[in-house]
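Peer 1: Just dropping this structure here.
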Amino acid sequence: MPASTLTATPSSPLARQPLALSVAAASLAAFFIYLMDSYSTHNGLVMLLGAALGISLYHASFGFTTAWRTLVTTGRGRAVRAQMLMLAIAVCLFFPALAAGELFGQQVFGFVRPLSVSVIFGAFIFGIGMQIANGCASGNLYHAGGGQIRAIPSMIGFAAGALWATRDYEWWTTQPSLAPVDLIGSLGVVPAIALNLLVFAAIAQLTRVIEKRKFGSVEADDAGKDQPLSKRLLSGPWPFIWGAIALAVLNFATLALIGRPWAVALAYPLWGAKAAEALNLGLDVDFWGYWMMPGRDTALMGGVLEDSASLMNIGVIFGAVVAAALAGRLSLSWKMPVMQWLATIIGGLMLGYGATIAFGCNIGAFFGGIASGSLHGWLWLVAAFAGSFVGTWLRPLFRLPRT
């Protein structure tokens, strides 16, 4: 894909794009100071936490879309095993804190949601959308930060789909549903952790079996192994395992700072509503049931920079810009075939609609749900993986490679 002249060669030294890095770091610092001065230190710290997540996502190229597609099409499961490690670390950190109800003096709660038709359908179309759009909720953010402009129409579609879903949200709440299942409360902390660890290990082992049968060996997770440790940390690439550890610890930091797990999709309905208001579309979103729920009404009345989910998403983009400049790969890539532009918009709509009715995306529902001990996180995973399988085989319709 064509890129601007900002692109640097992989062999150039650390701080490979010094001008871009300086501008990115200065912008991040200026935005942090602005948030502290105009809002609060807390808002600034939330944004910086998002930036740390963005750096981790970019340096590890840690995503869900490619990981799942690679397992389906080639049998390679290295990235999926890293996801299982991430979840294993997360449950060991989260479960005791959630059982206690507080962390470092901060009241905390998890994402425990019903086992509903909306989770199944929403996660399924989210899975299709992530393959068509070539990115999930977190993936689009760090891709955009790295200069992949193709992520922007997907994000616009995500916001539009999420807003559409808020219009239908009350109807989805009337569909068949089972009560939420909280494994921490039902089993106790230690048994719940043990059960989850067994499932993670089983999934990881299954990927190993598939990979060994197909290739005779398991692929090593050794990205950047020839680089000095300090250079790998600052400019990447990171092994998937590093990304898994970083994301689990930073999600735990999110729990401590905000009181809830990391959530990406929560911001998109608000962005869609604010855009509709700015464009004078005449939508009475204030009277839609979704926005009458506690917390969401406050978010709608406030500004985007008062919303924790929005601040973290913006931080992820900033962090990815800094990481891309450190790696010497910051470039602006915008040219792609018309069919792929169409795919990003359609896929984005599916991502936004699906995430909103399924109580979250790959971060809030899958990562956050399982880390919260909620059974709906596992239901989301099964439905989304099925959708991802379908989406993988639909990719050629949009002239996208299946692998």
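Peer 1: Based only on other Cβ atoms within 10 Å, what is the fewest-to-most ordering of Cys136, Cys92?
Peer 2: Sorted ascending by nearby Cβ count, the order is Cys92, Cys136.
Peer 1: While we're here: Going Cα to Cα from Lys212, which lysines come in below 26 Å? Please leave out same-chain ones fewer than 8 positions away.
Peer 2: Here the lysines satisfying the reach criterion relative to Lys212 are Lys225.
Peer 1: 5 Å is the cut-off here: which amide hydrogens, built 1.01 Å from N in the peptide plane, fall below it relative to Ser116, excluding neighbours closer than 5 in sequence?
Peer 2: Long-range HN contacts for Ser116: Leu178.
Peer 1: Determine the distance separating the Cα centre of segment 38-72 from the Cα centre of segment 297-369; give it in Å without decimals.
Peer 2: Taking the Cα centre of segment 297-369 as reference, the centre of segment 38-72 is 10 Å away.
Peer 1: Going toward the positive end of the dipole of segment 224-354, with +1 on Lys and Arg Cβ and -1 on Asp and Glu Cβ, which of Leu305, Gly328, Trp291 do you reach last?
Peer 2: Of Leu305, Gly328, Trp291, it is Gly328.
Peer 1: How large is ³J(HN,Hα) for each residue in segment 73-82, as worked out from phi by the Karplus curve 6.51 cos²θ - 1.76 cosθ + 1.60 (θ = phi - 60°), to whole Hz, x for Gly and Pro?
Peer 2: 8, 10, x, 7, x, 4, 5, 5, 5, 5
Peer 1: Let me ask something else. Restricting to Cα pairs below 8 Å that are 6+ residues apart, what does the relative contact order work out to for segment 18-398? Please round to a whole percent.
Peer 2: Computed over segment 18-398, the figure is 41 percent.
Peer 1: Also: Roughly what would the spin-label model give for Ser22 and Thr73, points 7 Å off Cα along C-beta, in nm?
Peer 2: Going by the 7 Å Cα→Cβ label model, 4.1 nm.
Peer 1: Let's see if you can work this out: charge +1 on each Lys and Arg Cβ, -1 on each Asp and Glu Cβ, no other charges. What is the dipole magnitude of the chain about its Cα centre, in debye to the nearest 20?
Peer 2: My answer is approximately 1600 debye.
Peer 1: Rounded to the nearest 20 debye, what is the charge dipole size of segment 136-251 about its Cα centre when +1 sits on each Lys and Arg Cβ and -1 on each Asp and Glu Cβ? Please report the intermediate quantities before stating the final value.
Peer 2: Numbers: 9 positive and 8 negative charges, 77 e Å.
Roughly 360 debye for segment 136-251.
Peer 1: Tally Lys and Arg at +1 and Asp and Glu at -1 over the other residues with C-beta under 13 Å from the C-beta of Arg76: what net charge comes out?
Peer 2: That sum, taken over residues with Cβ under 13 Å, equals +4.
Peer 1: So, one more: If we count every other residue with Cβ under 15 angstrom of Arg208's Cβ, Lys/Arg +1 and Asp/Glu -1, where does the sum land?
Peer 2: Details: positive: Arg76, Arg78, Arg81, Lys212, Arg213, Lys214; negative: Glu211, Glu219, Asp221.
Net charge around Arg208: +3.
Peer 1: Sticking with this one: Which log10 I(q)/I(0) values, to two decimals, does segment 27-167 give at q = 0.14, 0.15, 0.18 Å⁻¹ under the Debye formula with one point per Cα?
Peer 2: For the requested q values the scattering log ratios are -0.98, -1.12, -1.42.
Peer 1: Which Cα, out of Trp378, Pro401, Pro191, lies furthest along the positive dipole direction of the chain (beta carbon charges, K/R +1, D/E -1)?
Peer 2: Of the listed residues, the answer is Pro401.
Peer 1: How large is the convex hull of the C-alpha atoms of segment 18-398 per residue, in Å³?
Peer 2: It is 145 Å³ per residue.
Peer 1: Next question, about the same structure. Scan around Gln148 for amide H atoms under 5 Å from its own, H built in the peptide plane at 1.01 Å from N, and keep only partners 5 or more places away or cross-chain.
Peer 2: Ser333
Every number here is computed from the coordinates shown, using simple stated rules; none is lab data. These figures come from a predicted structure and were not determined experimentally. No Cβ is skipped: glycine too gets one built from the backbone with ideal geometry, and neighbour counts run over all protein chains shown.
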